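Below you'll find the structure, written out as structure tokens, and then a few comments.
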Amino acid sequence: MSARPTIVVEDDPFPRMLRVYLDPGVEPERVEALRHFLAHDLPDLDGWLKKLRAMAGPLYPATVKLAADQATLHALLPEATVLITESFAVREKELALAPKLKVVQKYGMRLHDIDLAACQARGITVRTLRRRANISCAEHALMLMLALTKKLHRTHGRISFDQLRHAGFNPATFDTRYTPNSGWARIEGLSVLYGATLGIIGFGEIARELAIRAHAFGMTLLVHQRTPLSAEEQRKWHVTQVPMNDLLEQSDWVCVQVPSGRATRDLISTEQFERMKPGAALINVSRAHNVNRNALLTALRSGRLGGFGLDPLYEEPGDANDELLKFDNVILTPHIAAMPRFNALSDFEELVAGIGAQLQ
């Protein structure tokens with residue numbers, strides 16, 4: 001291509017960074033904000049940009065325009081060569097507005113909101129991206145489960161009798177002439193994920209990455225979401241779709257994996273905690289306010305909730321005096337589930353190189 005391409009990008013936190021990567025007309029303050037954001041993982045932003053742009057082929061330099069909503073998308077489509085979308089609908093109506101469109105890049109894997117047949121009829125390439133941050137979030141959710149299962153947050157570094165007693169444990173010596181020596185720390189309540197039931201609320205891309213990993217651990221998987229899954233999809237992901245109440249009542253672990261918004265705020269509250277199996281644990285790597293904080297504290301104080309893992313927090317930065325930190329069955333981490341930054345940077349290298357090759 002000889003003319004500079006116009007890239008229309010959904011204005012979400014990560015995709016909007018393409019303005020810096022590919023558009024020479026980007027505002028300096030946007031560049032500096034990104035430099036600050038990446039500094040701890042990428043001290044040489046300029047060097048990385050040079051590398052990325054060399055991979056981009058005809059995709060650099062480009063004019064990058066951001067669309068915050070579907071209406072803005074419609075206004076920008078007439079000039080679009082490339083559309084990069086996370087959640088926009090791309091159907092015949094949108095394609096009719098985009099005579100120059102050559103590539104639709106889904107910032108993710110699920111194509112339920114993109115009309116593949118209509119794109120194919122127009123000769124428009126549709127690309128997907130298995131986002132590394134989604135994989136990382138799924139790993140983080142599993143890590144929280146494993147840490148709670150093995151009480152790692154309570155036992156790490158506590159290797160002497162004095163340390164273990166100070167932490168509330170009752171270690172002992174064994175007569176190894178007759179018994180093994182394992183378990184001398186006498187940590188009560190340890191368990192395994194194998195054979196346990198995991199209920200996943202919401203079944204988007206992170207939830208599907210979690211399902212892959214939980215199945216490998218030998219867990220039974222229940223899912224609940226508003227959209228029905230076909231029998232084929234349930235077999236593919238090794239899950240059984242059930243009503244919300246059934247999931248809460250049957251699961252040893254419940255993982256909330258829904259987007260934030262008015263419809264999902266306080267999705268888990270008093271009624272849901274009362275339906276959960278006594279001693280079950282809750283993991284939330286979506287948004288904190290999807291779980292009602294007061295109801296959560298009540299469930300923890302009563303002992304009904306067996307454990308809780310959270311990332312990101314209810315407020316950021318967090319409060320060192322947060323009551324949640326007082327419970328020995330709670331793990332909080334400071335918004336690191338999707339990290340490191342190179343998850344996103346590697347995604348963009350793959351995305352830019354792939355689109356660039358399509359425009360050759």
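The values are calculated or read from the model by the stated rules, or taken from the named source; none is laboratory data. Just so it is clear, the model here is predicted, and its values are computed rather than measured. Don't worry about glycine lacking a Cβ; one is built from the backbone with ideal geometry, like all the others, and counts go over all protein chains shown. Just so you know, the surface numbers come from the protein's heavy atoms only, side chains and all, with ligands and any DNA or RNA stripped out. Shrake-Rupley method; radii C 1.70, N 1.55, O 1.52, S 1.80 Å.
The sole residue among PRO334, PRO317 that is closer than 30 Å to GLY279 by Cβ, open to solvent by 80 Å² or more (accessible area, probe 1.4 Å) and outside any strand (DSSP E or B) is PRO334. The requirement of being touching a residue at least 60 places away in the same chain (Cβ under 8 Å), acidic (Asp, Glu), surrounded by 13 or more Cβ atoms within 10 Å (Cβ to Cβ) and under 19 Å from LYS106 (Cα atoms) is satisfied by ASP12. Candidates ALA75, ALA89, ALA117, ALA62: the one that is over 24 Å from LEU345 (Cβ atoms) and touching a residue at least 24 places away in the same chain (Cβ under 8 Å) is ALA89.
In region 146-182, what residues are closer than 30 Å to GLY309 by Cα, of a type in the set (Lys, Arg) and either open to solvent by 60 Å² or more (accessible area, probe 1.4 Å) or part of a helix (DSSP H, G or I) (or both)? Passing the criteria: LYS150, ARG154, ARG158, ARG165.
Quick one: is LEU247 touching a helix residue (DSSP H, G or I) at 6+ places or on another chain (Cβ under 7 Å) and open to solvent by less than 60 Å² (accessible area, probe 1.4 Å)? No: the conditions fail for LEU247. Filtered by the rule that a residue be out of contact with any Phe, Trp or Tyr (no Cβ under 9 Å at 6 or more places or on another chain), within 14 Å of PHE348 (Cα to Cα) and of a type in the set (Lys, Arg), region 34-53 gives LYS50, LYS51. Could you tell me whether LEU305 is aliphatic (A, V, I, L, M), within 15 Å of the chain's Cα centre (by Cα), in a loop (DSSP other than H, G, I, E, B) and surrounded by 16 or more Cβ atoms within 10 Å (Cβ to Cβ)? Against the criterion (aliphatic (A, V, I, L, M), within 15 Å of the chain's Cα centre (by Cα), in a loop (DSSP other than H, G, I, E, B) and surrounded by 16 or more Cβ atoms within 10 Å (Cβ to Cβ)), LEU305 does not qualify.
Can you confirm whether region 270-278 contains a residue that is farther than 30 Å from ALA54 by Cβ and among the hydrophobic types (A, V, I, L, M, F, W, C)? Explain how you work it out, then say what you get.
Of all residues in region 270-278, those farther than 30 Å from ALA54 by Cβ come to 270-278.
Going one step further and asking which of them are among the hydrophobic types (A, V, I, L, M, F, W, C), we end up with 273, 276.
Looking through region 270-278, at least one residue is farther than 30 Å from ALA54 by Cβ and among the hydrophobic types (A, V, I, L, M, F, W, C).
Residues in region 200-218 that are aliphatic (A, V, I, L, M) and crowded, with 22+ Cβ neighbours inside 10 Å: ILE200, ILE201, ILE206, ALA207, LEU210, ALA211, ALA214. Is it the case that some residue within region 229-242 is under 17 Å from LEU142 (Cα atoms) and among the aromatic types (Phe, Trp, Tyr)? Yes, that holds for at least one residue. Has region 43-54 got any residue that is touching a Lys or Arg at 6+ places or on another chain (Cβ under 9 Å), open to solvent by 40 Å² or more (accessible area, probe 1.4 Å), outside any strand (DSSP E or B) and in contact (Cβ under 8 Å) with a residue 12 or more places away in the chain? Scanning region 43-54 turns up no residue that is touching a Lys or Arg at 6+ places or on another chain (Cβ under 9 Å), open to solvent by 40 Å² or more (accessible area, probe 1.4 Å), outside any strand (DSSP E or B) and in contact (Cβ under 8 Å) with a residue 12 or more places away in the chain. Look at (1) without any contact (Cβ under 8 Å) to a residue 12 or more places away in the chain; (2) closer than 26 Å to ALA133 by Cβ; (3) in a helix (DSSP H, G or I); (4) not charged (D, E, K, R) and you find that GLY261 fails only one, number (3). Residues in region 60-106 that are in a helix (DSSP H, G or I) and touching a Ser or Thr at 6+ places or on another chain (Cβ under 9 Å) were compared, and the one that is least open to solvent (accessible area, probe 1.4 Å) is LEU73.
Sub-9 Å Cβ pairs linking a first residue in region 186-199 that is open to solvent by 30 Å² or more (accessible area, probe 1.4 Å) to a second residue that is of a type in the set (Phe, Trp, Tyr), at least 6 apart or interchain, are ARG186/PHE169; ILE187/PHE169; GLU188/PHE169; VAL192/PHE217; TYR194/PHE217, ordered by first then second residue.
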